[in-house]
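Asks: Have a look at the structure that comes next, please.
A short reminder: the numbers here are calculations on the coordinates, not readings from a lab. Computed from a predicted model, the values in this text were never measured in an experiment. For neighbour counting, all protein chains shown are included, and Cβ atoms are generated from backbone atoms with ideal geometry for every residue, glycine included.
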C-alpha cells in the first residue's frame, strides 16, 4: 500500500470518514492505483477545491471569514429578509381574506359617504320646515287655549332658521378628518 487508508487520512486531515468518502467521490482527493490516498497531493487539491470558510467550519477551526463582512451581518440580513418575506406573505393572505383594503379606495369611500350624508342634511330643512311649522302652530294653539285666533308660523322663516343651524353643525363636522394610517 503506497498511501493512507480513509481512516488514516481522516485522522490526518481532521475530517470525518464520511467527509473523506464524499471528497473521494467528488474528486477532491488524489488516489493511487491500489485505492490508497496520496495525503500530500490530496491536501493540496482539497485546499484548492474547498471553500476556506467551509473547511475551517468543518474542522472546528477559528471562525474568521475570508469575505469582507462577518457572518453575523450576513445572518442578520438573511433573518431580516426572511422576516420581511413572511410579513409580505401574511399581508397577501389578509388581503385575499378581505381583512385588508386599499387605502385610496377606503378614503374615497369615506369621502363619498360623508358627502352623501352632508347632502341629506342640507336638504332636510326644506323637507321638514312646513311640517314643523304646522306642528308648532298646533301645539301653541293647544297651550294657549284660544282657538278664536289661529297661530300662523311661516314655513319659510322656520326653514331659514333650520338651515342656519344645520349649516353651522355641518361646518363643525367638516373640521373632522379621517386618518387611515
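Asks: Let me test this: with uniform point scatterers at the alpha carbons of the stretch 66-144, what is the Debye-based log₁₀ I(q)/I(0) at q = 0.18 1/Å?
Replies: Log10 I(q)/I(0), no solvent term: -0.90.
Asks: So how do 25, 95 line up by other beta-carbon neighbours within 10 Å, fewest first? Intermediate values should be presented prior to the final figure.
Replies: On the way: 25 9, 95 12.
Ranking 25, 95 by Cβ neighbours within 10 Å, fewest first, gives 25, 95.
Asks: Expressed in nm to one decimal, what extension gain is obtained for the pair residue 88 and residue 114 from 0.36 nm per residue of sequence separation less their Cα-Cα distance? The partial results should precede the final answer.
Replies: Working: separation 26, 0.36 × 26 = 9.36 nm, distance 3.27 nm.
Here the answer is 6.1 nm.
Asks: Along Cα→Cβ, 7 Å out, is where each label goes; now give me the distance between the ones at residue 72 and residue 138 in nm to one decimal.
Replies: Placing both labels 7 Å along Cα→Cβ, they lie 8.4 nm apart.
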